[in-house]
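There's a structure below that I have some questions on.
What follows is calculated from the coordinates using simple rules that are stated; it is not laboratory data. Values in this document were obtained by computation on a predicted structure and should not be read as measured data. Ideal geometry is used to build each Cβ from the backbone, glycine not excepted, and the neighbour counts take in all protein chains shown.
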Amino acid sequence: MKLFIRDQLPFIFVYFMQIGIITGVYWLDGYENLKISLYAALLSIILLVFYLFIRYRTHRFFYKRLETPLASLDEFPEKVEKTPLSKSLHQLLTGQFRFYKTDIHRYKYKLEGHIQFINQWVHQMKTPLSVIHLLIQDEDDSRFTIIGDELDKLKKGLEMALYTARLDSFEHDFYVESLDLEATVRSVTSDQKRLFIRKRVFPSIHFDEKITVASDEKWLSFVLTQIITNAIKYTIHENQKIHFRGYKQNNQVILEIRDEGVGIPKSDLPRIFAPYFTGENGRNFQESTGMGLYLTKQICDKLGINIDIESAPNEGTTVKLNFNSYKVVS
């Protein structure tokens, strides 16, 4: 109703101006019968009100749809009033909607092809990396140790690209099972043993009791790998520890990962989960992509895990994973 009134305001304004002008012309011509003029104006206004009422009745669905925003593309209206304006506008929007859906499907097809290419390319790249790793694993030369470290970086970069590509199709690559949380943590830390040894940082794992959670092992392992990699990367002193502690609190499972590194400036904390945000530490260490914590946050949201980070400069960083959205099995 409000939109209809706003739409008709110029017409109403011009209409009353016209009545005033015509009445003024008659008055200047010497016609001074005011009652007749007012009676004629009243009849004309009644006719205007009747016209506006009929027009609103025939266009009320049209104006109602214009005032109500669409919540999704599936709500595109199929019903249309049989008035020239409504029919013409509906035909125009239907044509635009058809072209829009065609473009969306075309881009979606291209995107799926691109993601499939990335997946295949990453898997193909993993094979030569594994072969190179096997060739150098028994060599004692320090040069081969450096090569091994660089291979680990390549492997992590490929995994990040793979998981980024798979994130949009998370539901198709998701399998929930009961996981021994301590065993999962130990498995991930074992996979990162080369990085621990190179940085001379050591894991310290403590669980108050045996804890089993329902989650996806592959995605959870990727989350833990990103957190561990960051913890080790920003621990600059040797013989430091990465502390892993699992415990229950208020019927919830908490996995706490605490490092003894450089910490995160307070000004950077609100943006650490933003994509491509590297912050002060990223600029200082020159190895940050700004995607690790972003992916970690996205995956945690999909797994139903709340992630919280507390940190202060030169006091280390504590990451807490709260498994509160899935059933926790004791």
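So what's the gap between the Cα centers of the range 96-166 and the range 204-246, to the nearest angstrom?
Result: 24 Å between the Cα centres.
If you don't mind, there's one more thing I want to ask. I need to check one value: relative contact order of the range 104-169, counting alpha carbon pairs closer than 8 Å and at least 6 residues apart, in percent.
Dividing the mean separation by the residue count of the range 104-169 yields 47 percent.
Using bins 10 angstrom wide from zero, how does P(r) for the chain break down, in % of all Cα pairs?
P(r) for the chain, in whole percents per bin: 5, 17, 20, 15, 10, 9, 8, 7, 5, 3, 1, 0.
Looking at 207, 229, 239, which one has the Cα that reaches farthest to the positive end of the dipole of the range 186-248 (charges on Cβ: Lys, Arg +1; Asp, Glu -1)?
239
Using only alpha carbon pairs under 8 Å that are at least six residues apart, calculate the relative contact order of the range 88-198 and give it in whole percent.
Across the range 88-198, relative contact order equals 28 percent.
If you average the sequence gap of Cα pairs under 8 Å that are 6 or more apart and divide by the length of the chain, what percent do you get for the contact order?
Normalised by residue count, the contact order of the chain is 12 percent.
Only Cα pairs within less than 10 Å get springs; with that Gaussian network setup on the chain, which residue of 237, 90, 123 has the largest fluctuation?
The residue that fluctuates most here is 90.
Quick check for you: which residues of the range 288-311 have the amide N under 17 Å from the point 7 Å beyond the Cα of residue 271 toward its beta carbon?
Correct set: 288-295.
Continuing with this model, one more query. On a 0 to 90° scale, report how tilted helix 181-191 is relative to the longest principal axis of the chain, with both axes built from alpha carbons and the result rounded to the nearest 10.
Rounded to the nearest ten degrees, it is 70.
Now, a different point. Compute the long axis of helix 2-28 from its Cα atoms, compare it with the longest principal axis of the Cα atoms of the chain, and write down the angle in degrees, 0 to 90, nearest 10.
With both axes taken from Cα atoms, the answer is about 30 degrees.
Can you tell me the orientation of helix 217-233 relative to the chain, as the angle in degrees between its alpha-carbon axis and the longest Cα principal axis, to the nearest 10?
Relative to the chain, helix 217-233 is tipped by roughly 70 degrees.
Go through 241/297; 199/297; 156/241; 193/241 and tell me which ones have a Cα-Cα distance over 20 Å in this structure.
As for pairs spanning more than 20 Å Cα to Cα, those are 241/297; 199/297; 156/241.
Hey, in the GNM for the chain with a 10 angstrom Cα cutoff, which one of 116, 252, 18 fluctuates hardest?
In this elastic network of the chain, the residue with the biggest mean-square fluctuation among 116, 252, 18 is 18.
Work out the P(r) tail for the range 174-329: percent of alpha carbon pairs separated by more than 18 Å, whole number.
Summing the P(r) tail past 18 Å for the range 174-329 gives 56 percent.
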